[in-house]
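Have a look at the structure below before the remarks.
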Amino acid sequence: MPKGRPIKVKWQETENELYELFAAEIDVKKRQKLQFLWLVRIGNSLRKSCQTAAINERTGQRYLKWYREGGVENVLERRHGGNRGQHASFLTKEQQEALKAEADAGKIKTVWEGIEWVKKKYDVQYSYEGMRGVFKRLRLRKKVPRPQHIKSDAQAQDAWKKGGLQTD
């Protein structure tokens, strides 16, 4: 059976160190990456290591490339799909707290009002969907009174609460 060309990697960890990292890892995806690196480190072929770790060969090649660029830390910090959700907010923590305080005080009730307030106060432009995300992260909700029926009578409701209908 042909062996192919040998894998050339300047290893920073010993076989035992990689195995200990693999055995101690709790996260399944990171554990899979460490298992693959350990299998290659002990001398298995790329194909056999990928089969054992249940990953695609191209993925194994990518893990080795990342390892060559920055070691185990570089491989473990990478995740499928890039770093979605890791973007810095347009507002600082203090600005977000001020926005939440304004909304809690009842001065900001809608997403559009939030966009206007942030633009006036901090000169930061948000789209509607962007501000909706801010509202969601800060757990802000529209604060509007519950709708009342047009024929409702507040005096009759108060009388009912105080002891029922008055009979003469």
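The values are calculated or read from the model by the stated rules, or taken from the named source; none is laboratory data. Here the structure is a predicted model, which means the values were calculated and not measured. For neighbour counting, all protein chains shown are included, and Cβ atoms are generated from backbone atoms with ideal geometry for every residue, glycine included.
Below is a table of values for the structure above.
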read-out: Every residue from the range 138-168 that is loosely packed, with under 11 Cβ neighbours inside 10 Å, modelled with pLDDT of 85 or more and closer than 30 Å to T92 by Cα; value: R139
read-out: Residue count for the range 88-108, restricted to those that are surrounded by 13 or more Cβ atoms within 10 Å (Cβ to Cβ) and either at pLDDT 90 or above or hydrophobic (A, V, I, L, M, F, W, C) (or both); value: 10
read-out: When residues of the range 109-135 are limited to those that are surrounded by 11 or more Cβ atoms within 10 Å (Cβ to Cβ) and basic (K, R), the one nearest to E94 (Cα to Cα); value: K121
